[in-house]
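So the structure is just underneath, and the comments pick up after that.
The values are calculated or read from the model by the stated rules, or taken from the named source; none is laboratory data. For clarity, every value in this text was computed on a predicted model and none was experimentally measured. When we count neighbours, we look across all protein chains shown, and the Cβ atoms used for this are built from the backbone with ideal geometry, even at glycine.
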Amino acid sequence: MKNKKLSSDTTRKRNSVRGNSNSRERVHRSSLVRDVGTNLPPFFDKKHSPSTDPENPEWTEEDIANARPGAEVFAELGIELPKPKGRPRAQNPKQQITIRLDADILEAFRATGRGWHTRLNDLLKKHMDEIT
């Protein structure tokens, strides 16, 4: 028997007849495009680019000149600004440096478990208070 390439319909029929362990039916991408393509807005047509979307036109120089910060617009509309996500910025942020320590000192601090960086920082602060 010759090895011939099967169409997606034939493959789908064979899989359903065999009771393939893969329960989801395999559907060829072109058939999805064919089925959904009729319901798409005209700007999704291959001849047109999304930049021709009538509901979202490209900005003109005038639009850019008239643009205002979001906070200003929210205040004008009486809407509270969305709260920023994530951890708030520290007023006095820590700085990352490279420092060389003796191996035994480093080993002793690491042996204390999580948070050893903070404990080392606190010890240095305490010592700084003593010497100033």
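Check the range 87-106 and report whether any residue there is out of contact with any Cys (no Cβ under 9 Å at 6 or more places or on another chain), of a type in the set (G, A, S) and at pLDDT 95 or above.
Within the range 87-106, one or more residues are out of contact with any Cys (no Cβ under 9 Å at 6 or more places or on another chain), of a type in the set (G, A, S) and at pLDDT 95 or above.
Do we find that D53 is surrounded by 10 or more Cβ atoms within 10 Å (Cβ to Cβ), at pLDDT below 90 and not aromatic (F, W, Y) in this structure?
Taking the combined requirement at face value, the residue satisfies it.
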